[in-house]
Number of protein chains: 2
Amino acid sequence: MTDSRPTIVTMIGDPCGIGPEIIAKAWASGEVHKHSKPVLLGSAAAMERAVGFAGLDLPVRVIESVDQLSDSSDVIEILDSGKLDINDVTLGEDNAICGQVCADWLDEAEQLAMSGEVAGVVMGPISSIAMKMADVLDKVIQVVPGSSYLFLISGPLRVMHVTDHIPLRQACDDISSDLVFDALKVMHARLEEWGISNPRIGVSGLNAHAFGVEDEEEIQPGVERAKAIGIDAKGPIAPDSIFRHCIEGVYDAVLAMLHDQGHIAVKTWGFVGNCALIIGPPYLQMSVAHGTAFDIVGKGTAHHEMIQTAMIQTASLAAGKGFI
Amino acid sequence: MTDSRPTIVTMIGDPCGIGPEIIAKAWASGEVHKHSKPVLLGSAAAMERAVGFAGLDLPVRVIESVDQLSDSSDVIEILDSGKLDINDVTLGEDNAICGQVCADWLDEAEQLAMSGEVAGVVMGPISSIAMKMADVLDKVIQVVPGSSYLFLISGPLRVMHVTDHIPLRQACDDISSDLVFDALKVMHARLEEWGISNPRIGVSGLNAHAFGVEDEEEIQPGVERAKAIGIDAKGPIAPDSIFRHCIEGVYDAVLAMLHDQGHIAVKTWGFVGNCALIIGPPYLQMSVAHGTAFDIVGKGTAHHEMIQTAMIQTASLAAGKGFI
């Protein structure tokens with residue numbers, strides 16, 4: 001049996017936050033190694049301190065490239081380009097230096113993904129405030145309407161969004177047959193790449209009960225065009241029913257029209273282990289649903305289940321094995 | 001100790017559907033009598049047959065008025081004005097006669113509530129198709145924008161809606177400081193009546209992250225006006241966070257701007273026991289979240305937990321004892 005586990009890099013997140021300690025816990029669990037050959041990217045010194053916060057006894061070893069990985073959960077292996085002086089870390093507080101360092105690490109992770117050295121990138125929790133202080137927030141991949149999409153994963157509830165952070169009125173204007181059709185083509189292709197053959201996609205309506213001008217004149221024709229080229233899309237479906245149907249297994253994923261359709265569903269449902277992809281870049285980049293949790297940094301109490309799920313989910317999708 | 005249990009009438013719903021059998025089960029549980037003096041309204045013959053469907057052994061007794069109630073879960077007591085010929089019931093299928101009968105029963109229930117003979121009305125599952133066939137759908141209380149509101153109850157998640165079944169674009173236009181202020185006054189007054197003193201009300205925004213023109217220029221000022229008269233309102237809050245906060249107990253209830261904000265939250269969360277009130281009429285009228293379930297009528301398999309919760313919830317609110 002050949003080893004089909006992909007190499008996945010995890011950027012440790014803002015060193016002032018809980019990223020390093022939850023990643024240390026996830027690493028130590030041994031679970032991540034069952035699904036991937038993980039490697040970290042960031043500061044070895046920050047990870048050494050975080051191992052202590054987490055109450056673990058685990059050495060940290062700096063490697064120069066992924067081919068040096070010993071592939072063991074008994075030693076944390078990290079790519080460390082020396083960007084961070086550990087004395088610049090202000091635990092539990094934002095600072096511009098750490099914001100800048102996160103941007104540098106994201107660049108390095110992108111290069112690894114683009115060169116094919118890793119099959120996917122997991123982004124530990126960063127601080128958008130710190131990155132704004134360093135004027136590098138643009139380094140975090142953003143959704144560009146019409147060319148990239150936010151894809152939320154919350155167990156069996158998976159939602160890609162046609163529109164994101166735009167005014168509701170503008171969303172009503174922007175939703176078109178073309179946009180729906182394009183989004184369905186992108187979504188179908190990605191789901192197939194991830195190992196879901198002939199994925200069943202539910203398409204949400206825009207108005208209550210999917211009853212309105214846009215539902216009839218834009219979404220419905222967009223769905224029909226997708227069906228005509230063999231995509232298993234259904235819709236528009238009443239926005240208040242479709243997410244529960246997805247949870248129950250009727251669809252592999254939902255295409256939502258509005259940011260809050262998907263986000264209300266995911267956040268209200270309360271599943272633990274949410275993560276998010278930006279669909280657009282040519283490589284997998286996963287992020288976790290939580291932030292840096294400055295109030296509990298260094299206490300060892302932060303939960304690592306979400307980042308662990310994100311690391312394993314990324315590996316599963318990169319390997320074409322479908323959702324975990 | 002005086003008996004503070006209110007008298008609550010339950011209209012048995014469309015006799016072609018599961019209403020009678022689930023109401024028989026709820027009655028037989030004995031739970032409803034702990035919180036209320038229940039009385040049914042509809043057809044004794046339909047209830048006798050439904051008792052059999054439910055596999056129960058319970059007599060059905062027709063009473064002429066609520067003062068004849070023996071107040072026991074060992075005998076089903078029903079007000080039956082003789083409107084229904086049991087031979088007109090087409091189990092599992094819509095028919096106009098039963099639609100008309102439901103309209104008559106709703107009238108009778110309303111009269112009981114308006115005269116003060118009962119403290120609240122529970123509507124068993126009706127068929128809007130049958131009522132449309134009889135051209136009496138207007139007898140079901142509808143939301144009238146600006147003067148009545150849909151209030152959903154799903155355990156700790158309680159949501160009143162400022163707008164209902166209108167196009168999203170129109171909702172953007174309709175949401176005004178006046179509407180938000182009026183809705184908050186109504187909501188505050190009702191919650192106080194129901195026994196929640198100084199209720200904490202979370203107000204949802206309209207746009208993603210409550211960041212937009214309407215959030216700033218209409219919702220925020222509406223909330224401020226409510227606060228100025230002593231209402232504990234907070235908002236606008238990000239629509240994707242507020243419902244989870246409510247579940248966690250941060251608010252007693254949420255004021256939502258759009259039909260689908262509240263409905264996506266309630267339906268996706270998946271709590272069992274949802275029910276709904278229309279805020280507007282001078283008496284409590286509760287309905288259940290499910291329909292007539294024609295496919296399982298007469299099999300005795302229909303779940304009665306929702307209607308039972310609706311009956312007990314109505315009693316608790318009518319007695320000023322807060323939510324169950």
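Odds and ends about this structure:
- Of the candidates B:Glu31, B:Glu64, B:Glu48, the single residue that is without any contact (Cβ under 8 Å) to a residue 24 or more places away in the chain, open to solvent by 50 Å² or more (accessible area, probe 1.4 Å) and more than 20 Å from B:Val297 (Cβ to Cβ) is B:Glu64.
- Counted residues, segment B:135-178 - those being assigned to a helix (DSSP H, G or I) and open to solvent by 30 Å² or more (accessible area, probe 1.4 Å): 8
Listed here are the residues, each with its yes/no results for (1) at negative phi; (2) hydroxyl-bearing (Ser, Thr, Tyr).
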position: B:Pro20; (1), (2): yes, no
position: B:Ser29; (1), (2): yes, yes
position: B:Ala50; (1), (2): yes, no
position: B:Gly55; (1), (2): no, no
position: B:Val60; (1), (2): yes, no
position: B:Leu69; (1), (2): yes, no
position: B:Ile78; (1), (2): yes, no
position: B:Asp88; (1), (2): yes, no
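- Verdict on A:Phe323 being open to solvent by 20 Å² or more (accessible area, probe 1.4 Å), in contact (Cβ under 8 Å) with a residue 40 or more places away in the chain, within 14 Å of chain B (Cβ to nearest Cβ) and among the aromatic types (Phe, Trp, Tyr): no
- Test for B:Val180: is it closer than 28 Å to B:Ala119 by Cα, in contact (Cβ under 8 Å) with a residue 60 or more places away in the chain and away from chain A (no Cβ under 14 Å): no
- Qualifying residue in segment B:98-106 (condition: among the β-branched types (Val, Ile, Thr), in the same structural domain as B:Gly19 (by TED's automatic domain parsing) and within 27 Å of B:Ile278 (Cα to Cα)): yes
- Pairs where the first residue, in segment B:266-278, is more than 8 Å from chain A (Cβ to nearest Cβ) and the second is open to solvent by 10 Å² or more (accessible area, probe 1.4 Å) and among the basic types (Lys, Arg), C-beta under 9 Å, 6+ apart: B:Asn274/B:Lys267; B:Leu277/B:Arg190
- Only one of the numbered conditions (1) of a type in the set (A, V, I, L, M); (2) at pLDDT 95 or above; (3) within 30 Å of B:Ile312 (Cα to Cα); (4) in contact with a Leu (Cβ under 9 Å, 6 or more places away or on another chain) is violated by B:Ile196, and that is (4).
- All positions within segment A:202-212 that are within 10 Å of chain B (Cβ to nearest Cβ) and touching a Leu at 6+ places or on another chain (Cβ under 9 Å): A:Ser204, A:Leu206, A:Asn207, A:Ala208, A:Gly212
- Boolean, B:Phe211 is among the aromatic types (Phe, Trp, Tyr) and either farther than 26 Å from B:Glu193 by Cβ or over 26 Å from the mean Cα position of the chain (by Cα) (or both): yes
- Test set (1) more than 19 Å from B:Val122 (Cβ to Cβ); (2) out of contact with any strand residue (DSSP E or B) (no Cβ under 8 Å at 6 or more places or on another chain) - B:Pro281 fails condition number: (1)
- Scanning segment B:265-324 for residues that are over 11 Å from the mean Cα position of the chain (by Cα) and of a type in the set (S, T, N, Q) gives B:Thr268, B:Thr292, B:Thr301, B:Gln308, B:Ser316.
- Flag if A:Pro239 is within 12 Å of chain B (Cβ to nearest Cβ), in contact (Cβ under 8 Å) with a residue 12 or more places away in the chain and over 30 Å from A:Ala113 (Cα atoms): yes
- Complete set of residues in segment B:135-189 that are closer than 30 Å to B:Met11 by Cα and among the β-branched types (Val, Ile, Thr): B:Val136, B:Val140, B:Ile141, B:Val143, B:Val144, B:Ile153, B:Val159, B:Val162, B:Thr163, B:Ile166, B:Val186
- The sole residue among A:Leu168, A:Leu157, A:Leu191 that is modelled with pLDDT of 95 or more, in contact with a Phe, Trp or Tyr (Cβ under 9 Å, 6 or more places away or on another chain) and assigned by TED's automatic domain parsing to the domain that holds A:Gly230 is A:Leu157.
- Here A:Ala171 qualifies as of a type in the set (Gly, Ala, Ser) and over 17 Å from the mean Cα position of the chain (by Cα).
- Residues that are open to solvent by 40 Å² or more (accessible area, probe 1.4 Å), assigned to a loop (DSSP other than H, G, I, E, B) and not β-branched (Val, Ile, Thr) within segment A:291-303 comprise A:Lys299, A:His303, listed in sequence order.
- Only one entry in A:Val89, A:Val101 is more than 21 Å from the chain's Cα centre (by Cα), among the hydrophobic types (A, V, I, L, M, F, W, C) and under 27 Å from A:Met133 (Cα atoms), namely A:Val89.
The values are calculated or read from the model by the stated rules, or taken from the named source; none is laboratory data. Note that this is a predicted model, so its numbers are computed, not measured. A quick note on method: Cβ atoms are made from the backbone with ideal geometry, for glycine too, and the neighbour counts reach across all protein chains shown. Areas reflect the complete protein model, heavy atoms only, side chains present, ligands, DNA and RNA absent. Shrake-Rupley method; radii C 1.70, N 1.55, O 1.52, S 1.80 Å.
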